[in-house]
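Step one of this worksheet: look at the structure below.
The values are calculated or read from the model by the stated rules, or taken from the named source; none is laboratory data. Here the structure is a predicted model, which means the values were calculated and not measured. Using ideal geometry, Cβ is built from the backbone for each residue, glycine included, and neighbour counts are taken over all protein chains shown.
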Amino acid sequence: MNRFPKPALVLLIRGAADHPQDLLGGRTPLEYGDLPNLRRLARRGRPRAFDAAPSGHSVHAGGDLLAAFGRIPAPEEDPPAGVVDWLGAGRDPEGGVYLHADPARLAVTPEAAVVLDPDELALDREEAEELANALNRELFAEQGGHLSVLEPGRWVLHLPEAPGIRTVPLEAWIGADARGGLPGGEEEVAWHRLANEVQMVLAAHPVNERRRRAGRPEANTLWFWGSGALPEPGSPGPWKGVWGEAPLLPGLARLSGVAHQGPLPDLGPALSEAQGGGPVLAVADQARAAGARGDLGAKLEALEELDRRWLGPLEEALARRDLGSAWVVLGPEAPTGARAAEPPPSAPALSCHAGKVWPWSRARTVSENRLSGAPVGWEAVIG
């Protein structure tokens with residue numbers, strides 16, 4: 001039997017928990033940041049360790065979101081990011097396999113081929129379609145595959161058969177040598193050869209020639225990742241509403257038959273829905289995205305903004321008993337590049353009760369290093 005009350009609202013703040021940072025005097029962003037509302041919420045529930053991604057797939061691969069929706073892949077399987085994002089774009093799978101083939105940019109030197117931030121490409125829709133069409137004509141069509149543009153920076157390759165590879169997400173390899181993040185597995189040699197052929201097609205394409213002349217960054221490779229099949233649904237996952245903006249979130253909501261409401265600048269709409277009956281899930285991805293790019297300042301700004309816009313209204317709603325209870329899950333950052341094999345930090349989570357708090361109960365810093373009890377997981381949150 002679940003010892004925690006069923007929450008009306010669950011906030012998942014991805015990438016909030018981190019390791020101590022030298023630039024922060026040996027403190028973590030949660031310990032260093034100006035987060036008064038998080039500290040006030042800590043009076044309502046003792047921070048405990050939370051296993052956000054029991055499959056071992058990193059937050060960049062969507063391991064936490066897959067678990068939240070009860071779609072937990074086996075640890076040895078590739079994450080099903082391609083097919084989930086295909087569904088999230090409103091498209092229906094037609095058999096075969098879907099994997100991401102995202103446009104990427106490498107800085108090549110004699111020593112390394114460093115993966116740069118893909119957001120800096122800023123391809124427009126027309127450029128993306130031109131590049132994808134050329135790759136279909138010259139490479140993928142003859143293999144029975146088809147490359148589709150979901151968004152200018154997010155492409156999906158449909159193949160008739162499983163590729164027999166294990167991959168890492170593009171965002172998990174920013175700033176690292178691409179050679180360490182290439183697909184591995186039984187068919188890795190063929191996929192490394194395919195990556196080289198893709199680079200040759202892209203190098204000669206008029207889109208990149210125009211960008212070269214204009215001094216703009218070129219899309220000089222594709223990053224293949226997320227080729228797994230959808231795991232069978234399990235428990236948990238009974239969300240009544242889903243809010244927020246994160247990769248995989250629209251597709252997982254669609255799989256669960258729940259409307260995805262999109263961005264949530266402030267918590268008001270999610271609070272209103274949760275008051276009508278939960279549990280409602282709200283996901284914030286800004287801290288994770290900043291961490292993937294090594295931007296500690298942006299990560300702190302994201303956490304402090306969420307403290308104002310999400311955690312402040314949550315504390316007020318709980319004080320008024322507008323909600324019976326709520327969870328705040330401070331999801332773990334995932335080491336990237338050459339550090340990807342390192343264990344993620346402990347992730348704190350708070351089960352927050354409604355009503356008054358004891359007058360002597362003081363606001364306290366939530367720290368990854370001061371967590372009590374055995375780790376709990378999504379089954380503890382929503383049963």
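Give me the helices (runs of 4 or more DSSP H) completely within region 3-102, filtered to those with at least 1 residues that are out of contact with any Pro (no Cβ under 8 Å at 6 or more places or on another chain), surrounded by fewer than 24 Cβ atoms within 10 Å (Cβ to Cβ) and of a type outside the set (A, V, I, L, M), ordered by residue number. Lay out the reasoning, then the answer.
Numbers: elements: 29-32, 36-41, 63-68, 81-88.
Ranges flagged: 29-32, 36-41.
Might you let me know whether region 322-341 holds any residue that is over 20 Å from Pro7 (Cα atoms), touching a residue at least 60 places away in the same chain (Cβ under 8 Å), in the same structural domain as Leu267 (by TED's automatic domain parsing) and among the polar types (S, T, N, Q)?
For region 322-341, residues over 20 Å from Pro7 (Cα atoms), touching a residue at least 60 places away in the same chain (Cβ under 8 Å), in the same structural domain as Leu267 (by TED's automatic domain parsing) and among the polar types (S, T, N, Q): present.
For residues in region 333-351 being out of contact with any Asp or Glu (no Cβ under 8 Å at 6 or more places or on another chain) and crowded, with 24+ Cβ neighbours inside 10 Å, which is farthest from Val168 (Cα to Cα)?
Ala349
This table checks each residue for (1) over 20 Å from the mean Cα position of the chain (by Cα); (2) loosely packed, with under 13 Cβ neighbours inside 10 Å; (3) acidic (Asp, Glu).
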| position | (1), (2), (3) |
| --- | --- |
| Thr167 | no, no, no |
| Glu171 | no, no, yes |
| Arg179 | yes, yes, no |
| Leu202 | yes, no, no |
| Pro206 | yes, yes, no |
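Looking at region 352-370, which of the residues that are surrounded by 12 or more Cβ atoms within 10 Å (Cβ to Cβ), of a type in the set (A, V, I, L, M, F, W, C) and more than 24 Å from the chain's Cα centre (by Cα) is farthest from Val280 (Cα to Cα)?
Ala363
Within region 243-250, can one find any residue that is touching a residue at least 24 places away in the same chain (Cβ under 8 Å) and of a type in the set (Asp, Glu)? It would help to see each step written out before you state the result.
Step one: filter region 243-250 for residues touching a residue at least 24 places away in the same chain (Cβ under 8 Å), giving 243-250.
Of the ones still in play, those that are also of a type in the set (Asp, Glu) are 245.
The answer is yes, given that some residue of region 243-250 is touching a residue at least 24 places away in the same chain (Cβ under 8 Å) and of a type in the set (Asp, Glu).
Name the residues in region 238-253 that are part of a loop (DSSP other than H, G, I, E, B), crowded, with 20+ Cβ neighbours inside 10 Å and over 17 Å from the mean Cα position of the chain (by Cα), would you? Can you show your working first?
The first filter runs over region 238-253 and keeps only residues part of a loop (DSSP other than H, G, I, E, B), leaving 238-240, 245-248.
Pick out the ones that are also crowded, with 20+ Cβ neighbours inside 10 Å and you get 239, 247-248.
Across region 238-253, the qualifying residue is only Trp239.
Could you tell me which of the residues Glu77, Glu130, Glu94, Glu126 is over 21 Å from the mean Cα position of the chain (by Cα) and closer than 21 Å to Gly226 by Cα? Step through it out loud before you land on a result.
Values: Glu77 fails: over 21 Å from the mean Cα position of the chain (by Cα); Glu130 fails: closer than 21 Å to Gly226 by Cα; Glu126 fails: closer than 21 Å to Gly226 by Cα.
None of the others qualify; the one that does is Glu94.
Got at least one residue in region 104-121 being closer than 28 Å to Asp295 by Cβ, under 22 Å from the mean Cα position of the chain (by Cα) and crowded, with 24+ Cβ neighbours inside 10 Å?
Within region 104-121, one or more residues are closer than 28 Å to Asp295 by Cβ, under 22 Å from the mean Cα position of the chain (by Cα) and crowded, with 24+ Cβ neighbours inside 10 Å.
Please count how many residues of region 140-151 are assigned to a helix (DSSP H, G or I) and surrounded by fewer than 17 Cβ atoms within 10 Å (Cβ to Cβ). Don't jump to the end; show me each part of the working.
Initial filter on region 140-151 (assigned to a helix (DSSP H, G or I)): 140-143.
Retained after the next criterion (residues that are surrounded by fewer than 17 Cβ atoms within 10 Å (Cβ to Cβ)): 141-143.
Of the residues in that region, 3 qualify.
Where residues in region 338-379 are among the hydroxyl-bearing types (Ser, Thr, Tyr) and not in a loop (DSSP other than H, G, I, E, B), which of them is modelled with the lowest pLDDT?
Going through region 338-379, the residues among the hydroxyl-bearing types (Ser, Thr, Tyr) turn out to be 346, 351, 361, 365, 367, 372.
If we keep only those that are not in a loop (DSSP other than H, G, I, E, B) too, we end up with 351, 372.
On the way: Ser351: 93, Ser372: 71.
Checking each candidate, the answer is Ser372.
Only one of these conditions is not met by Thr28: (1) among the β-branched types (Val, Ile, Thr); (2) more than 22 Å from Ala317 (Cβ to Cβ); (3) touching a Leu at 6+ places or on another chain (Cβ under 9 Å). Which number is it?
For Thr28, the exception is condition (3).
Among the residues of region 220-233, what is the count of those that are out of contact with any Gly (no Cβ under 7 Å at 6 or more places or on another chain), surrounded by 24 or more Cβ atoms within 10 Å (Cβ to Cβ) and in a loop (DSSP other than H, G, I, E, B)?
The qualifying residues number 1.
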